Amino acid sequence: MAATLLEKQIAALKRMLNFNLPQTKATNAEPQWKVLIYDRFGQDIISPLLTVKELRDMGVTLHLTLHSDRDPIPDVPAIYFVMPTDDNIQRICRDFQNQLYESYYLNFISAISRQKLEDIAQAALQANAVQQVSKVFDQNLNFISLEDELFTLRHQDRDSISYYAISKGDVKDTEMEAIMDSIVDSLFSVFVTLSVVPIIRCPRGNAAEMVAEKLDKKLRKNLIDTRNSLFASDGVPGQFSFQRPLLVILDRNIDLATMLHHTWTYQALSHDVLDLKLNRVEIEEIIDEGPSANSPTRKPRTKKKTYDLSSKDKFWVSQKGNPFPEVAEAVQEELNAYRQEEGEVKKLKAALGLKGEDDAAISMLSDNTARLTSAVTSLPELLEKKRLIDMHMNIATALLDQIKARKLDSYFETEEKMMSKATLNKSLMDMISDPEAGKPEDKVRLFIIAMICGPPMSEAEIDQYCVALQAANCDISSVQYVRRWKSYSKLQAPASQYTGGGISSTSMFSGLLSKGSQFVMEGVKNLVVKGHNLPTTRIVDALMELKSLPDVEDYLYFDPKLLRADASSTPRNKSPFQEAYVFVVGGGNYIEFQNLMDYVRSKATPTMQKKIVYGCSDLVNAAQFLKQLSHLGQEMS
């Protein structure tokens, strides 16, 4: 298998931390000590990929943010990893003047302009630090890899490229240009890191088209300048060297419903309910103290605990796409297996504690020596296993509390039925007016999905529902925005857009209840989801398999390697694509990502494995997306 985007980004960072030299055994054994200086963008890029321990192993003794107060460390080289913004350049120039470090290795996350390079040179001359500036590099790493198949562009400053920023009514042309340029710069970094030039497809007449056009120009310009091209011809062009990958750029407006959908899989639930960000999740845990802890008058004390969910965690990798009930069952099984292993070790202790020199003890000792050796070697593994089980136990419990409190299973079931046009057990009006069911935002999400995917409603009906929503304490400005969006949108989600799906509710978590589980699952439905493709997945399938779907017939085609740019040029390739990058302008989420991964699995054959990588301008959960829609709605009124 060729290296994934995530592996290539890690390799690029490690090379940068080794002063942009390839790593050798010698440098790995005895790295040179150094200081790492990053800005907020650099921090977001590094934190999901390298742990503090890994940084230390590579010789990074200190890592500091660029704009913090830093003391001079005169005999140490400093590696900078920052965006080439005016503020950052000024601050670097101040560091030269204050002679903070022995030498400076400047690495810019995206390409620095000629003008700013000259500013740095000027400052280095004035501060008499020309000798100290050892290297200046464009790293082209302006994106955040979260998993092998998932990347996003921004985390901290993501409002500037959000759905709201692109869709607000008073957005100026210059602002829109800046947003598009910023997205294009990041996508360009992705393909420079992969060192492949993709074939680009996108719909007409929206932000996706602007991004595709600009990216095509930028790639083309870089390829024409062969001496400085970042796509070296001797580079191996990806896993399928005879075929280039497809890049599908989509606009968030093709499917707003999925962004608000209640979900049922582990990773997407963690994002929706616990706001999973940069592969970390934060949970409030109750700390009980002393006899007064249970008194009704006292509020329980809580502390926040952060957990890392990385691809090194086998349980997470295998379970993140599974429905929540299955995950709860798997955690329970892991716990039982761990207890059994722990029991073995305890038995050994007891056996070794035998008194006297009698034959029984001697024979037990000789039998147990081998077992003891294996127990000692497996102890660190056991402890790590225990830590991971505890972590997943706590996350699953936190999710379960929310599912029960907000009746998330009922919402999920109702929405799935709406999307697959099945009859509802409980009418929409009943769900909205039931004071027990969920938070106000859950009701608004449900109603917007009904507006987009359900049977058509008259204006009068929508007004009636709005009255009911307001009676249930809901802010309906987001509904007003979606109303207008529907009337404008040529994309009037056709009935065929949301297909299949459907749900079967199996008997209550029988497996869990019989095993004396830690999870109290009473009243939570065990929903089994039947696979179905979301709009994004259907479009990607049509473009990869070269199917003629009415949705994709007028999609534009760009090939930056062709000499003449011509968006209308007919697709040249006749064989289906094996590798695709799917990018959504205006935000994405884990539901869409998971749906694409399920699609890849369903298409896999023993000889051929398709590969899809999902990216989005930012990962937004439903609450954050609803807030953006509300802002848009308030601005309309």
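The values are calculated or read from the model by the stated rules, or taken from the named source; none is laboratory data. Please read all numbers here as calculations on a predicted model, not as lab measurements. Counting neighbours? That spans all protein chains shown, and the Cβs are built from the backbone with ideal geometry, glycine included. Protein only, heavy atoms only, side chains kept; ligands, DNA and RNA dropped before computing areas. Shrake-Rupley method; radii C 1.70, N 1.55, O 1.52, S 1.80 Å.
Let me check something: with ligands and nucleic acids excluded, how do H262, H155 order by accessible area (1.4 Å probe), largest to smallest?
Values: H262 0, H155 40 Å².
Solvent-accessible surface, decreasing: H155, H262.
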*Using a 1.4 Å probe, how large is the accessible area of E149, given in Å² and rounded to the nearest 10?*
60
*Under 22 Å from the Cα of K214, which lysines turn up, not counting those fewer than eight places away in the same chain?*
K168, K172, K561
*With every protein chain present, what accessible area does W485 have (1.4 Å probe, heavy atoms only), rounded to the nearest 10 Å²?*
30
*Could you go through the stretch 578-586 in sequence order and give the Karplus-derived ³J(HN,Hα) for each residue, using 6.51 cos²θ - 1.76 cosθ + 1.60 with θ = phi - 60°, rounded to whole Hz, and x for Gly and Pro?*
9, 9, 9, 10, 10, 10, 10, 7, x
*Shape of the stretch 57-123 from its Cα gyration tensor (a ≥ b ≥ c, root eigenvalues): rounded if a/c is under 1.5, otherwise prolate when a/b > b/c, or oblate?*
prolate
_Give the aspartates and glutamates whose C-alpha is closer than 17 Å to that of K386, dropping any in the same chain fewer than 8 places away, or say none._
D308, D313, E329, E333, E334, E341, E342, E344
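In what order, largest first, do K320, K314, K277, K218 sit by accessible area if the probe radius is 1.4 Å?
Numbers: K320 30, K314 170, K277 95, K218 70 Å².
Per-residue accessible area, sorted high to low, gives K314, K277, K218, K320.
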*Is there a pair in K486/K611; K305/K346; K277/K407 whose C-alpha atoms are over 26 Å apart, and which pairs would that be?*
K486/K611; K305/K346
*Between S548 and A623, with labels modelled 7 Å along Cα→Cβ, what's the label distance in nm to one decimal, could you check?*
4.8
*asked:* Need one word for the stretch 71-186: rounded, prolate or oblate. Basis is the Cα gyration tensor (sqrt eigenvalues a ≥ b ≥ c); a/c below 1.5 gives rounded, then a/b vs b/c decides.
replied: prolate
*Can you send over the solvent-accessible area of R280, 1.4 Å probe, protein chains only, in Å² to the nearest 10?*
80
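Where does each of Y164, Y38 land when they are ordered by accessible area, with a 1.4 Å probe and the largest first? Please list the in-between numbers first.
Values: Y164 55, Y38 25 Å².
Solvent-accessible surface, decreasing: Y164, Y38.
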*Under a 5 Å amide H to amide H cut-off, with H placed in plane at 1.01 Å, what residues pair with F137 once short-range neighbours are removed?*
L106, N107, F108
*Sequence-distant lysines (8 or more away, or on other chains) whose Cα lies within less than 18 Å of K135*: K14, K34, K116
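Once the other residues with Cβ under 12 Å from the Cβ of L5 are scored (Lys, Arg +1; Asp, Glu -1), what is the net sum?
Numbers: positive: K8, K611; negative: E7, E147, D148, E149, E579.
Taking every Cβ under 12 Å from that of L5, the sum is -3.
Shape verdict for the stretch 40-96, please, from the Cα gyration tensor: rounded (a/c under 1.5), prolate (a/b greater than b/c) or oblate.
Numbers: a/c = 2.47, a/b = 1.27, b/c = 1.95.
In terms of gyration-tensor shape, oblate.
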